Amino acid sequence: MSFFIDENTKLIVQGITGREGTFHTEQMLEYGTKVVAGVTPGKGGGEVLGVPVFNTVMEAMEETDANATLLFVPPKFMYKAAYEAIISGIPLVITIAEGVPVHEMLKLHHLAKEKGCRLIGPNSFGVISPGKAKAGFMAHRIFMPGNVGIMSRSATNCYETVFLLKQKGIGQSTVVGVGGDMVPGSTFADILPFFENDPDTKIIVLIGEIGGSEEELAAAYIKEHITKPVVALIAGKNVPNDTSMGHAGAIVSPDGEGSAEKKEAELRNSGVHIAEGTEDLVEILADLL
Amino acid sequence: MKLLEYKAHEIFEKYDLPCRSGNVVGSMEELTKLRGKMKYPLVLKAQVQTGGRGKAGGIQFASGDSELLKKGKAMFEMKIKDLPVKYIFLPEMIELKKEMYLSFTLDRKHKKPVMIFSPEGGVEINEIAGKHPDKIAKVLLGPLEPLNDFVIQYAMDKTGLEQNYRSDFKDICRKLYNIFIDMDCMLAEINPLIVDDNNKLMALDGKIDIDDNSLFRHDDIREFRDDIEENKLIPEARKFNLLYIPINNEGNIAVISNGSGMIMSSIDLITKRGMTVTCALDLGGGATADRITESLRIAASNPLVDTIFMNIFGGITRCDEIARGVENGIGLFADTKLVIRLEGTNKEKGLEIIAGVRGSIKIAEGLKNGVEILAQELKV
């Protein structure tokens, strides 16, 4: 069993006619993902790689029974496209774009909750259930099926971890890109219960970074509700305060809020194993398994 | 993107939000032209993107032309926390009866805008919260709906704001909130919000921080950003869609990577091993040969950098493409040592190309090994 996506997921790609959209649709089809429709306003009636293209998400859902959508849409159009998807009633929306205006994400975050839509991203590599399906742009060759569940703000730190895990023969149940922006559609705490209830997941890995308070909120949730072992890595502990990194969310305020020290302390206090780096993380996982 | 004070004032004026008027000058020539035209006394405020300028001498007073020119000259020659003073803001001096605090900002935990008001202002908000916890109203707002009157009412009642200031206060709240929304602000702050000797409220100093992700729809702010950017490598990198991040002036290592997470992990391990990163370049997605070459050139052009650590985890990115970027750029960073960690599609082909390149290039297997090689190269 997987959550969010599996071999039965019927996926829409919004922005399928763009260069990135087409390239990654091909990659996803090759992996076995059921991409059933594309949506690009004005390009309805066409076809990309044998996938029918529609003008609207609503029509794509009616014609194909799609139950998830992946947005390869530039950041300035992301709000409009995600809004359409959420209002159309699709239960899962995954957004890739990096650099979506924060005010727009505030709206989308709450709108998705209100409408019962699971919104993942933005600035996310997507979601993969190895061996079953992927919805995103991750380099799927390094993933393999197994029982480690991973959620990560960073794509590269996640790849690095998965790559090292593969060398040890350790696979993953589901891997979720939470995304590196300041306001994610779904937070670590939002995704934790899915891993807890997923029989395929034995251990949960949380790859966080400096800035914000999602790791602290996850720590509080773990303390109350999570029975499975959790291993966490917080990147950026040696980045000076008030330095803006490429991830808009990864910034420690001048007064120290969002620091790695605080996040690690609260996670430790909830019984979470703390790793110093990706290689250390993989060793802790190997020991626990 | 944090705006300088004078720019924040320009926005206040555009929104008809009562604030102190004043000239801004960008050179001694401009300042000299103001001779005989100013009303004294006035304040000279150095425009730098850092706090604590008052203590550093960045706020002065002048009672006449000669004092203005003398102090202005000194201020233009001054550096505040390493930042040169490119602009001086010259507002009139105001008699004030009271200092208050008002801001709209983002509550990341709740993912909502928040209004913060205190009738005790003039110092940092954390200090106000420490000294007068009962005199602060913090109200979470619905994401981007109009500012409701009851929110303002609650803030005034909760903090016991005097009746005779309330009408002005409501007006300023609405205008500041409009700025917050229209300008995609991370922070729109008035501190201090003062009461002058006519019992009118006015913004004496303001801070506006605009979401970088929204700059595509704020052309004037984007131009302003490049104008005040002191580190020329930042706009230079931006031309190639690269993100240049200054880290530490004490360091001598540049990290180049294809993602923010990997950059942070690299900095963490390098620092732990007793070395210091001075800057980083984020390639983001799509690391093409051209952008690799440019990133190496830009990193090497920083005089502090003597070693570059290029940590690429490709996945879909092709390593031979990266290697060609290195090959093309080798003449541009000949004096700089280069340690490369490369992982992804066509890795063997990439390593082959790099093996054929002259110069001091070391290949690492994995991040940990890369940091070890850096330590050997730098004899740490």
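The values are calculated or read from the model by the stated rules, or taken from the named source; none is laboratory data. This structure is a prediction, so every number in the text was calculated from the model and none was measured. Because the Cβ atoms are built from the backbone with ideal geometry, glycine has one as well, and the counts that use them run over all protein chains shown. SASA here: full protein model, heavy atoms, side chains in, ligands and nucleic acids out. Shrake-Rupley method; radii C 1.70, N 1.55, O 1.52, S 1.80 Å.
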Do we find that B:L296 is touching a Ser or Thr at 6+ places or on another chain (Cβ under 9 Å) and within 10 Å of another protein chain (Cβ to nearest Cβ) in this structure? no
A:N197 vs. criteria at pLDDT 95 or above and either surrounded by fewer than 21 Cβ atoms within 10 Å (Cβ to Cβ) or at the interface with another protein chain (Cβ under 8 Å from one of its Cβ atoms) (or both): yes
Qualifying position, being surrounded by fewer than 19 Cβ atoms within 10 Å (Cβ to Cβ) and of a type in the set (A, V, I, L, M), among B:I181, B:I208, B:I194, B:I190: B:I181
Checking the conditions here, which among B:K39, B:K14 is open to solvent by 60 Å² or more (accessible area, probe 1.4 Å) and closer than 16 Å to B:E92 by Cβ? B:K39
Which condition number in (1) open to solvent by 70 Å² or more (accessible area, probe 1.4 Å); (2) part of a helix (DSSP H, G or I) is the one that B:L176 fails? (1)
Which residues, counting only those in the stretch B:264-285, are within 23 Å of the chain's Cα centre (by Cα), free of Cβ contacts under 8 Å to residues at least 40 places away in the same chain and within 7 Å of another protein chain (Cβ to nearest Cβ)? B:M264, B:I267, B:D268
Those residues of the stretch B:29-44 which are touching a Gly at 6+ places or on another chain (Cβ under 7 Å) and not in a loop (DSSP other than H, G, I, E, B) amount to B:L31, B:L44
Taking the stretch B:64-113 as the search range and keeping residues that are touching a Ser or Thr at 6+ places or on another chain (Cβ under 8 Å) and without any contact (Cβ under 8 Å) to a residue 12 or more places away in the chain, which one is farthest from B:K39 (Cα to Cα)? B:K109
So, in the stretch B:214-241, exactly how many residues are open to solvent by less than 30 Å² (accessible area, probe 1.4 Å), within 11 Å of another protein chain (Cβ to nearest Cβ) and not hydrophobic (A, V, I, L, M, F, W, C)? 2
Identify, from the list A:L165, A:L106, A:L119, the residue that is buried (at least 22 other Cβ atoms within 10 Å of the Cβ), aliphatic (A, V, I, L, M) and more than 13 Å from chain B (Cβ to nearest Cβ). A:L165
Spot the failing condition for A:V148; the list is (1) farther than 19 Å from A:L11 by Cβ; (2) within 14 Å of chain B (Cβ to nearest Cβ), and only one is missed. (2)
Out of everything in the stretch A:255-275 that is exposed (fewer than 13 other Cβ atoms within 10 Å of the Cβ) and acidic (D, E), what residue ends up being modelled with the lowest pLDDT? A:D255
If you scan the stretch A:276-287, which residues turn out to be open to solvent by 40 Å² or more (accessible area, probe 1.4 Å), outside any loop (DSSP other than H, G, I, E, B) and within 8 Å of chain B (Cβ to nearest Cβ)? A:E279
Has the stretch B:75-87 got any residue that is touching an Asp or Glu at 6+ places or on another chain (Cβ under 9 Å) and either open to solvent by less than 20 Å² (accessible area, probe 1.4 Å) or among the small types (G, A, S) (or both)? yes
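Residue by residue, here is whether (1) modelled with pLDDT under 95; (2) under 22 Å from B:H218 (Cα atoms); (3) of a type in the set (A, V, I, L, M, F, W, C); (4) surrounded by 23 or more Cβ atoms within 10 Å (Cβ to Cβ) holds:
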{"site": "A:E59", "(1), (2), (3), (4)": "no, no, no, no"}
{"site": "A:L70", "(1), (2), (3), (4)": "no, no, yes, yes"}
{"site": "A:P74", "(1), (2), (3), (4)": "yes, yes, no, no"}
{"site": "A:M78", "(1), (2), (3), (4)": "no, yes, yes, yes"}
{"site": "A:E84", "(1), (2), (3), (4)": "no, no, no, no"}
{"site": "A:P91", "(1), (2), (3), (4)": "no, no, no, no"}
Which number in (1) in contact with a Leu (Cβ under 9 Å, 6 or more places away or on another chain); (2) under 21 Å from B:K112 (Cβ atoms); (3) small (G, A, S) marks the one condition that B:G206 misses? (2)
Restricted to the stretch B:118-148, and to residues that are outside any loop (DSSP other than H, G, I, E, B), among the small types (G, A, S) and surrounded by 12 or more Cβ atoms within 10 Å (Cβ to Cβ), which residue is nearest to the other protein chains (Cβ to nearest Cβ)? B:A129
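Tell me which residues, restricted to the stretch A:213-238, are open to solvent by less than 10 Å² (accessible area, probe 1.4 Å) and without any contact (Cβ under 8 Å) to a residue 60 or more places away in the chain.
A:E215, A:A218, A:A219, A:I222, A:V230, A:V231, A:A232, A:I234, A:G236
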Scope the stretch A:212-256; condition among the basic types (K, R), assigned to a loop (DSSP other than H, G, I, E, B) and more than 8 Å from chain B (Cβ to nearest Cβ); matching residues: A:K228
